[in-house]
1. Look at the stretch 36-85 and say how many of its residues are in a loop (DSSP other than H, G, I, E, B) and of a type in the set (G, A, S).
2. If you scan the stretch 98-118, which residues turn out to be away from the ligand (no atom under 14 Å from the Cβ) and either buried (at least 19 other Cβ atoms within 10 Å of the Cβ) or not hydrophobic (A, V, I, L, M, F, W, C) (or both)?
3. Out of (1) farther than 14 Å from I92 by Cβ; (2) under 34 Å from the mean Cα position of the chain (by Cα), what's the single condition that is false for A36?
4. Across the stretch 251-265, what is the total count of residues that are surrounded by 13 or more Cβ atoms within 10 Å (Cβ to Cβ) and within 22 Å of the chain's Cα centre (by Cα)?
5. Select from the stretch 113-138 the residues that are small (G, A, S) and at pLDDT 95 or above and list them in ascending order.
6. Taking the stretch 163-175 as the region of interest, how many residues are more than 15 Å from the ligand (Cβ to nearest atom) and surrounded by 15 or more Cβ atoms within 10 Å (Cβ to Cβ)?
Amino acid sequence: MTDRLYYHDSFLYDFDAEVREVSESPRPALILDRSAFYPTSGGQVFDTGVISAENEKLKVTEVADSEDGHIVHYLEAPVKDIKPGTRIHGQIDTSRRRDHMQQHSGQHVLSAAFVKLFDMPTVSFHMADDYCSIDLETANLSKDQVERAERLANEAILENRPVDIRFVTRNEAGKLGLRKLPPGERDELRIIDIRDWDISACGGTHVSQTGQIGCILLRKVEKVRQGFRVEFVAGQRAVATARRDFTILTETAALFSAHIYDVPQQTAKALDAIKVLRKQREQSEEELAEAQAAAMLAETAESGGRKLIRRTFSEREMNSLKLLAQKLIRLAPNVVVLLGSTAPQPSLVFAQSPGQPFDMGQLMKQMMGKLGGRGGGSKDMAQGGLSNAAAVESGLSEAAKSLEATGP
Ligand SMILES: [Zn+2]
């Protein structure tokens, strides 16, 4: 078993050790007799850093526990001269370790705050690259409760309470009033004792005074299966997150030429204005289509008791083509309409007044088959989309020819 130096001192960033095992596959890795590198476990992610020997310097990219109790240091590149017995020097990435200590210790303080205030136990802890989360076992969690827990946790941080590491037997632990007694067979438990605040069994790395956590900021809250997930950031992460939030808010406020505190109100106002404009545009489009349809009908002569209206537009949305077709077939009982637009999407719309004898859906399918597009519809109204603009014109003339050939 590797001697875990971080068990006794989370601030030990440098150490000397001896190589026990070198492995090359599946990835280059080292096992040492002792290590200060933290392997991923208990929700906390691994340390990174450097292991160096006389002529070699190796980057440690991941650290994990092996099943038989060793710490495995995965390396960026294979070793050259390092062998079992080689003396090495290990250096941990201090800013990463410090960040993890802030997040993990912040979690202990926060979980205890939720228990003290609302008797809500933490059932799991997750640490991601830019945020952390705890899952609380509770049926309800209000915004006010979240803010109260955040305030209390920050008070415990400001009180700068000592954080002690102790090793006790499972029996002794039972009498200490642990927040949660971990399952398992091991008789010796590592206890993290935040003075007069929280006692937990934990193998992670923690600060030595709560003041080193800096601060804790609660963010997203969401319902999960067992209860509620609360995202949080502590220490420098909290500052970086608040800085990013402020930047985004400032940029948004600048778009409105408003103060950041007025952003929600300004956004609501803008959304309301968009709603009104959209309604006005729909109404204008309706009126325009109606007027356009009337003009088109007026300038088209009847032939064989029927008006055939055929028109290509250079810039018209499919919906707008359909609207025009609807107006045309509603304004007169004897219209057959073949419309096309080359942009923004090459498209065709065929329609006929109810009672006319053709089948527009069928006709559209035929045209699409010939021109390589997709479309269809009902007997009186059909639409189709084409992949190239040049096919629009030929689609319309082919359709007209087909109607002439089949028409009564
Ligand atoms: Zn812990």
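The values are calculated or read from the model by the stated rules, or taken from the named source; none is laboratory data. Note that the structure is predicted; figures quoted are calculated from it, not measured. Cβ: placed from backbone, ideal geometry, glycine included. Neighbour counts: every protein chain shown.
1. The total comes to 8.
2. Once the filter is applied, which keeps residues that are away from the ligand (no atom under 14 Å from the Cβ) and either buried (at least 19 other Cβ atoms within 10 Å of the Cβ) or not hydrophobic (A, V, I, L, M, F, W, C) (or both), the stretch 98-118 yields R98, D99, A113, F114, K116.
3. Among (1) farther than 14 Å from I92 by Cβ; (2) under 34 Å from the mean Cα position of the chain (by Cα), A36 violates only (1).
4. 1
5. Matches in the stretch 113-138: A113, S133.
6. So the answer is 2.
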